[in-house]
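Okay, so here's the structure we're looking at.
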Amino acid sequence: MPESPDERTGPGAGPGASVPQPARVPPPADPEGARPGAAVRPAAFRVRPAQASDEEPLARLDREAWSTLHAVYPRPLPPYPPFFDAAHRPADFLVAEEDGRLLGYIRLVPPTPLPSNRHVRQIQGLAVAVRARGRGVGRALLRAACSEAVRQGAHRVTLRVLGHNRPARALYEAEGFRVEGVLPGEFLIGGQYVDDVLMGRPLTAQAP
């Protein structure tokens, strides 16, 4: 679930994996975020809090969405670790669902346990199933996470994204996130050094 620091860095890399990684938005078929303020397309899917029973479908979705565009670890191989654990609770996730099938998820957590940092929430994982891309699922999850952060009393949301993940960056920028820092060449992926881009946005009374 790249593009935000998280021990689990993508599909199949279970919550116990030790490599921090930037929230994943795999490249959509029709890049969401190309038009600032674009509306989420009317669809049958809904966004809801994750449940413990979502573990297996989420783990499968995570593995299927793996890509060097957003993953900083090799393609996961069995045996796969559990998707949920003590540090990755169902309560930390929102999922998009249509007719009982999961289309994507987003993970929203405090970036640190420090009281001085409790006004911030961080997106530490965003994935959309291949079959659901181009339908506004990633945008809907992102907006739902911002609304949830407001509900929790946060004033700011941050995330990390790999520099070469242009579709994800376009989506984030369209939803009000701005680049706040860059770690040049932080990751070596496929023989190329890739930047780690830090992004954030303030939260108003209502998220977009």
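The values are calculated or read from the model by the stated rules, or taken from the named source; none is laboratory data. All of these numbers come straight from a predicted model, not from anything done at the bench. With ideal geometry, Cβ positions are generated from the backbone for all residues, glycine too; neighbour counts draw on all protein chains shown. To get the accessible areas, we keep the full protein, side chains included, count just its heavy atoms, and leave off ligands, DNA and RNA. Shrake-Rupley method; radii C 1.70, N 1.55, O 1.52, S 1.80 Å.
Looking at region 102-197, the accessible area is 41 square angstrom per residue; that uses a 1.4 Å probe and ignores ligands, DNA and RNA. Annotation: amide H-H contacts under 5 Å for ALA129 (H modelled 1.01 Å from N, sequence separation of 5 or more, or interchain): GLY104.
Here the accessible area of region 61-135 is 57 percent carbon and sulfur, with a 1.4 angstrom probe and all protein chains present. Between region 158-208 and region 107-144, the alpha-carbon centres lie 12 Å apart.
Annotation: amide H of LEU203 within the under-5 Å range of ARG156, VAL157, sequence separation 5 or more or interchain, hydrogens built in the peptide plane.
Could you tell me whether region 58-179 comes out rounded, prolate or oblate from its Cα gyration tensor? Rule is a ≥ b ≥ c as square roots of the eigenvalues, rounded for a/c under 1.5, then prolate if a/b exceeds b/c, otherwise oblate. Numbers along the way, then the final one.
On the way: a/c = 1.44, a/b = 1.27, b/c = 1.14.
It is rounded, given that a/c, with a ≥ b ≥ c, falls under 1.5.
Restrict the search to region 160-208; then list the GluC sites (Glu not before Pro) that DSSP places in a loop and that have at most 12 other Cβ atoms within 10 Å of their Cβ. Hits after loop and neighbour filter: nothing returned.
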